[in-house]
1. Can we say D32 is surrounded by fewer than 14 Cβ atoms within 10 Å (Cβ to Cβ) and either over 10 Å from T92 (Cβ atoms) or under 24 Å from the mean Cα position of the chain (by Cα) (or both)?
2. Restricting to the range 1-39, count the residues that are assigned to a strand (DSSP E or B), polar (S, T, N, Q) and farther than 12 Å from Q112 by Cα.
3. Looking at the range 102-109, can you tell me whether even one residue there is surrounded by fewer than 21 Cβ atoms within 10 Å (Cβ to Cβ), outside the structural domain of T249 (by TED's automatic domain parsing), touching a residue at least 60 places away in the same chain (Cβ under 8 Å) and assigned to a loop (DSSP other than H, G, I, E, B)?
4. Could you tell me which residue of the range 152-175 is surrounded by the fewest Cβ atoms within 10 Å (Cβ to Cβ), considering only residues that are charged (D, E, K, R) and assigned to a helix (DSSP H, G or I)?
5. Among the residues of the range 253-268, is there at least one that is in contact (Cβ under 8 Å) with a residue 12 or more places away in the chain and in a strand (DSSP E or B)?
6. Within the range 36-46, can you find the residues that are surrounded by 21 or more Cβ atoms within 10 Å (Cβ to Cβ) and not aliphatic (A, V, I, L, M)?
7. In a helix (DSSP H, G or I), within 21 Å of S54 (Cα to Cα), of a type in the set (V, I, T) and modelled with pLDDT of 95 or more - does that describe any residue in the range 192-208?
Amino acid sequence: MYTFLNDSFVPDDKAFLHVSDLSIQRGYGIFDFFRVMDSYPLFIEDYLERLYVSAKEMHLKVPYEPEQLKALIFELIQKNNIPMSAIKVILTGGYSPDGYQLADKANLIMVQKPMNFPAAGFPTEGIKIITHEYLRDKPHVKTINYVVGIWIQNKVLEQKAADVLYHYKGEVSEFPRCNFFMVRKDNTVVTPGENILEGVTRKHVLRLAAKKYKIEIGSVTLNDIVQAKEAFLTSTSKRIVPITQMDETIIGDGKPGKVSKDLYNDLVRLESAERLKGT
């Protein structure tokens, strides 16, 4: 297995950062994450675009132009030969002279690992989520800061839930690693528009939904969810997962909904079409 570190491909067990890196000293850095299907990186242009936007916002410089970086990603895929996998691209704050100042040069890491895709077919059961009041720092940037998401995992497990939905003063935003959607009784598909990371799967689900349903991007409150017909989350690794319970409240009829299933099937077809670009 190979990892790409700065300017070369190295065996996994030889890929190291010095302790002076700001990712270690202060948790400063960004990343992006995408799936590889039959050795082709799905929606790679979308993920790289977001990576460069995040880097600019965090005053970090990606050491390669987008097309150069894309070529390196394909080379990593070829070297490791893991047809079904995921790649994480990490850009750290670099080796800081005092553990606080930004370094002159960021460190670039690209790691590929095997990944099981979600089981075929729309889930027959929904998940339970809990809520937590929290507003992420720079929510529109995909930083490596997951302190609260990791810290709250014990509570998620204690409540026998699958994930935690952040809200601030009653207005919901996102999950630690996923975006949130709900469906109103008139089949309007709604998703929060502020204080979120704009996920790539979210982007494609919105485009698919707009072909069939009315969509709305804006404020979503906890009370809105209580009255919703359906709810679901989206993410790179999970596609679409129906939500049937929030805290102690059952959403809709407590079963995965028809709109969620429809969009799931459309998304799977879109992924298959994207995969054909690699043939």
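The values are calculated or read from the model by the stated rules, or taken from the named source; none is laboratory data. None of the values given here were measured: they were computed from a predicted structure. All Cβ positions, even for glycine, are placed from backbone atoms using ideal geometry, and neighbour counts span all protein chains on display.
1. No.
2. 1
3. Yes, the conditions are met somewhere in the range 102-109.
4. Top of the filtered list is E158.
5. No, the conditions are met nowhere in the range 253-268.
6. Once the filter is applied, which keeps residues that are surrounded by 21 or more Cβ atoms within 10 Å (Cβ to Cβ) and not aliphatic (A, V, I, L, M), the range 36-46 yields only P41.
7. yes
For (1) within 23 Å of G278 (Cβ to Cβ); (2) free of Cβ contacts under 8 Å to residues at least 24 places away in the same chain; (3) assigned by TED's automatic domain parsing to the domain that holds R269; (4) not aromatic (F, W, Y), each residue gets a yes or a no:
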| site | (1), (2), (3), (4) |
| --- | --- |
| S8 | no, yes, no, yes |
| Y28 | no, no, no, no |
| F33 | yes, no, no, no |
| D38 | yes, no, no, yes |
| P41 | yes, no, no, yes |
| L72 | yes, no, no, yes |
| I82 | yes, no, no, yes |
